[in-house]
1. What are the principal axis extents of the Cα atoms in segment 371-423, in Å, biggest first?
2. Beyond a 25 Å Cα-Cα separation, which of these cross-linked pairs lie in this structure: LYS338/LYS380; LYS161/LYS324; LYS104/LYS338; LYS380/LYS427; LYS21/LYS231; LYS338/LYS381?
3. Using a 1.4 Å probe on the protein chains only, how many percent of the accessible area of segment 164-300 belongs to carbon and sulfur?
4. Report, to the nearest whole %, how much of the accessible area of segment 391-448 belongs to carbon and sulfur atoms, 1.4 Å probe, protein only.
5. Please report, in debye to the nearest 20, how large the charge dipole of segment 149-280 is about its Cα centre when each Lys and Arg carries +1 at its beta carbon and each Asp and Glu carries -1 there.
6. Leaving ligands, DNA and RNA out of it, rank ARG182, ARG388, ARG326, ARG159 by accessible area with a 1.4 Å probe, largest first.
7. For ILE353, list long-range residues whose amide hydrogen, built 1.01 Å from N in the peptide plane, is under 5 Å from its own amide hydrogen.
8. One-quarter of the Cα convex hull surface for the chain, in nm²?
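The values are calculated or read from the model by the stated rules, or taken from the named source; none is laboratory data. If you're wondering where the values come from, they're calculated on a predicted model, not measured in any experiment. Please note: Cβ atoms are built from the backbone with ideal geometry, for glycine as well, and neighbour counts cover all protein chains shown. Protein only, heavy atoms only, side chains kept; ligands, DNA and RNA dropped before computing areas. Shrake-Rupley method; radii C 1.70, N 1.55, O 1.52, S 1.80 Å.
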Amino acid sequence: MRVKFWGTRGSIPTPGPSTLKYGGNTPCIEVRTDDGTLIILDCGSGARELGETLMKEGRPIVAHLLLSHTHWDHTQGLTAFAPAFVAGNSFTIYGAPGVNQTLKEVLASQMAYTYFPITLERMGSELTFREIGEGAFNIGDIWIATRFLNHTVLTVSYRIKAGDATIVYATDHEPYYPVLHRNHPPGAPKEGYGIRSTAEVVHAGDRQHIHFLYGADLLIHDAQFTEAEYKIMRNWGHSPAEYATDVAIAAQVKRLALYHHDPVHNDRFLETLEQHCQGRAAAQGSSLIVFAAMEGQEIDLPEQAGGQVVTRTPQMSQVHLRHKPRILIADNDESVVKVIHNCLQADDYEIMIAFDGEEALNIARQHHPDLVLLDIRMPKKNGYEVARALQSDPATQDIVIALVTVQTEEDDMVRGFEVGVADYITKPIHPAMLRTRVRSLLLRARAPEEGANSN
Ligand SMILES: [Zn+2]
Ligand SMILES: [Zn+2]
């Protein structure tokens with residue numbers, strides 16, 4: 001498998017003398033498996049030059065374009081991707097659908113008459129759209145698993161296995177909780193504490209993320225911020241490079257490409273960040289290889305010729321919500337209820353409200369919502385008690401529960417996951433992040449935590 005970076009920059013193209021080394025184009029990666037299959041990860045501005053190169057090959061181009069999501073920096077290159085305008089070429093485009101739009105409609109809207117002279121329909125090549133959720137599918141013998149990330153819009157991470165080589169593409173993702181591991185001994189140095197077990201991960205979302213990355217030969221991970229920057233950039237949907245390094249170590253990944261570089265990080269800054277993360281891995285006794293991805297960089301991963309065919313039953317979670325989902329918001333603070341209600345009302349849900357734990361339980365039993373957003377500290381019954389009651393009753397067991405509360409003790413959170421909640425969302429609520437978390441909870445297959453662990 002050969003991986004080539006055509007665009008490594010996040011948010012907006014940043015060409016110029018200060019970004020010559022790591023590059024200024026937005027996300028686009030070419031993946032060629034040993035059997036010649038062409039996979040393209042995202043279609044940012046880096047896709048323009050990839051397209052020029054493919055055109056020189058002079059034969060019909062067949063490729064699979066795997067989109068993480070439809071934010072501009074990941075799709076803007078489509079309008080400059082020459083092969084897509086040539087009859088005889090064919091592309092299958094994968095990605096999650098929009099909230100009230102299909103994937104095709106979302107991509108077509110960036111090429112509407114007001115913005116671009118040629119519509120998606122008239123591009124020339126054969127475009128096939130495949131909407132995906134969480135799960136797995138095959139492209140020939142290549143096995144691809146998908147998992148939703150924690151971003152401001154539904155975003156998919158891809159785990160690609162061809163022969164014995166595995167890469168994971170995980171960009172536009174923010175930690176589920178600002179602290180990765182529990183019970184960091186007081187006074188212990190932040191670095192150099194040694195490799196931690198995933199059982200010590202505070203938030204189940206981060207733990208599942210690590211399981212998804214497990215053992216990859218190459219992990220391409222969002223590293224837009226430094227830890228210090230992240231303190232003021234929470235809820236923008238991006239990771240500090242330190243988190244990317246720590247999850248890669250915990251997942252026993254072999255190589256980590258720091259990716260989606262912030263537009264304000266010039267070459268000198270990224271060199272320092274790269275060294276900082278290398279030092280962080282070394283201090284934990286990890287053999288992880290860390291580098292900041294450079295535009296033009298190529299990496300060969302052995303697939304071990306003669307490797308066995310990967311056969312798995314392709315399976316996928318829901319892609320579209322089958323009915324109008326019912327959501328119960330339970331919080332004794334009226335202003336919080338209002339904030340959550342306002343966030344979610346754009347998404348066509350039926351919303352119910354409870355102001356104490358007992359009322360929440362009664363409504364849940366009577367109306368069977370798809371999802372309950374529970375505050376922990378409520379009168380009559382607290383959030384844990386409500387969660388436990390719903391979980392222990394076969395009639396309400398399948399209701400998805402998320403606790404929504406102010407950042408509390410790590411032990412509180414661990415306790416929450418132990419009583420069977422699916423997610424733990426901390427206040428203050430950020431509208432886009434909450435909408436996406438709710439969406440992914442509703443779509444997500446209720447799969448065991450291990451996910452792609454064994455692959
Ligand atoms: Zn992005
Ligand atoms: Zn994004």
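1. 31, 22, 16
2. Values: LYS338/LYS380 21 Å; LYS161/LYS324 36 Å; LYS104/LYS338 33 Å; LYS380/LYS427 22 Å; LYS21/LYS231 27 Å; LYS338/LYS381 21 Å.
In this structure, LYS161/LYS324; LYS104/LYS338; LYS21/LYS231 exceed 25 Å between Cα atoms.
3. 53
4. With neighbouring chains kept in place, the figure for segment 391-448 is 51 percent.
5. Rounded to the nearest 20 debye, it is 360 debye.
6. On the way: ARG182 55, ARG388 110, ARG326 80, ARG159 5 Å².
Ranked from most to least accessible, the order is ARG388, ARG326, ARG182, ARG159.
7. For ILE353, whose amide H was placed from the backbone, the distant partners under 5 Å are ILE329.
8. Working: hull surface 88.6 nm².
Reported value for the Cα convex hull: 22.1 nm².
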